[in-house]
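The values are calculated or read from the model by the stated rules, or taken from the named source; none is laboratory data. Nothing here was measured: the structure is a model prediction, and the numbers come from that model. Quick reminder, even Gly has a Cβ in these numbers, built from the backbone with ideal geometry, and neighbours come from all protein chains shown. With ligands, DNA and RNA removed, areas are computed over all heavy atoms of the protein, side chains included. Shrake-Rupley method; radii C 1.70, N 1.55, O 1.52, S 1.80 Å.
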Amino acid sequence: TATTQNASHLYNSPGVYTITLTGILGSCSDSYTLNYYLQPETASFSIVNDTICFGDTAWFSNTSNPPAGSVSWDFGDPGSGANNLSNSFSPYHLFSDTGLFTITLNSTAANTSCSNSITHTVYVRPLPVVTFTNSDSTNCQPTWNVTFTGSGSNIANWYWIFGDGSTANTPNPTITHP
């Protein structure tokens, strides 16, 4: 409570406060009431997967508290042009290149100008490039050994399917065809 024209007050906790100013002249009065929102915005978001392959879409979910009235996203991907920015609450983004990207969410609380920002990173992996050669592409013998030589880049694991029900998980397998 204050009895001066200009007052200040220290609020100790977030909430919605109803502020009333009453002006009095003799037995006459006038009042004005305003709701004051004291809600510090805590920006937060989740990422469906923070490590994706190049060409995959990254999905983001705004989890700001209280729920944001407005948002702005920067995906840290200037190579994607106008798609680098978004005002969607839970957007998706297709990155223009591989590497580590810093995503920034700026969240503004509803009914206030309180805002907060947070960043997370997404790693966009390069796609594996794979090819192979074989020791013998045609053979007229009833049984023969074929050696396959795999090569490529960005490959951590190999998985071969030979078309006859057999498989292998080494870079250079040899199979015997009956």
Roughly to the nearest percent, how much of the accessible area of the chain is carbon and sulfur, given a 1.4 Å probe? 52
Ranking request for peptides 77-90, 159-172, 57-70, 7-20: highest mean number of other beta-carbon atoms within 10 Å first, then the rest in descending order. 57-70, 77-90, 159-172, 7-20
How large is ³J(HN,Hα) for each residue in the stretch 158-174, as worked out from phi by the Karplus curve 6.51 cos²θ - 1.76 cosθ + 1.60 (θ = phi - 60°), to whole Hz, x for Gly and Pro? 10, 9, 9, 10, 8, x, 10, x, 8, 9, 8, 9, 10, x, 9, x, 10
Which value, in Å², gives the accessible area per residue of the chain when a 1.4 Å probe is used on the protein heavy atoms? 67
The FRET efficiency for R125 and T176, from their Cβ-Cβ distance with R0 = 41 Å and rounded to 0.05, is 0.70
Sorted by chain and then number, the residues having a modelled amide H within less than 5 Å of the amide H of S44, at least 5 places away or on another chain, are T63, S64, N65
Tally Lys and Arg at +1 and Asp and Glu at -1 over the other residues with C-beta under 11 Å from the C-beta of N106: what net charge comes out? -2
Cα centroid distance between the stretch 108-125 and the stretch 36-105, in Å? 7
The Cα extents of the stretch 1-130 along the principal axes, largest first and rounded to whole Å, are 90, 27, 18
